[in-house]
Amino acid sequence: MLLESDSEHTRAADAACTVTSGRNTHYDLAVDVTQINSTQGKADNTTDHQRITLSMEYVDGKWLCSNLVSPLFPS
């Protein structure tokens, strides 16, 4: 029996980032990512859409991510 690793691949095809609110030192953002899923040996690819939200804070001269919500990182 031969088991093949890495036969499934996912890659980002497109991403759109939008500022949903904020000003000065705090911003909330939404990122819509289009993913293309492929399986070795299959001709058809599938497409998924993921939505990621995050908040950014400007602290001591640096932008820091203060909140990240993604289906890739379940809570």
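So the values come out like this:
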| read-out | value |
| --- | --- |
| Volume of the Cα convex hull of the chain, divided per residue and given in Å³ | 129 Å³ |
| In sequence order, calculated HN-Hα J values of region 30-37 (Karplus, 6.51, -1.76, 1.60; Hz; x Gly/Pro) | 10, 10, 9, 10, 9, 10, 10, 9 |
| Loop sites in the chain: GluC sites (Glu not before Pro), DSSP, at most 14 other Cβ within 10 Å | E4 |
| Along each principal axis, Cα extent of region 36-75, largest first, Å | 51, 22, 13 |
| Rounded percent of accessible protein surface that carbon and sulfur make up, the chain, 1.4 Å probe | 51 percent |
| Pairwise label distance in nanometres, A16 with T34, each label 7 Å out on the Cα-Cβ vector | 0.9 nm |
| Taking region 9-75 and dividing mean pair separation by its residue count, relative contact order in percent (alpha carbons under 8 Å, at least six apart) | 26 percent |
| R23, R11, ranked by accessible area, largest first (probe 1.4 Å) | R23, R11 |
| Accessible area (Å², per residue) of the chain, counting only protein heavy atoms and a probe of 1.4 Å | 81 Å² |
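The values are calculated or read from the model by the stated rules, or taken from the named source; none is laboratory data. Keep in mind that what you see is a predicted model, and the values were worked out from it rather than measured. Ideal geometry is used to build each Cβ from the backbone, glycine not excepted, and the neighbour counts take in all protein chains shown. Note: areas computed on protein heavy atoms with side chains; ligands, DNA, RNA excluded. Shrake-Rupley method; radii C 1.70, N 1.55, O 1.52, S 1.80 Å.
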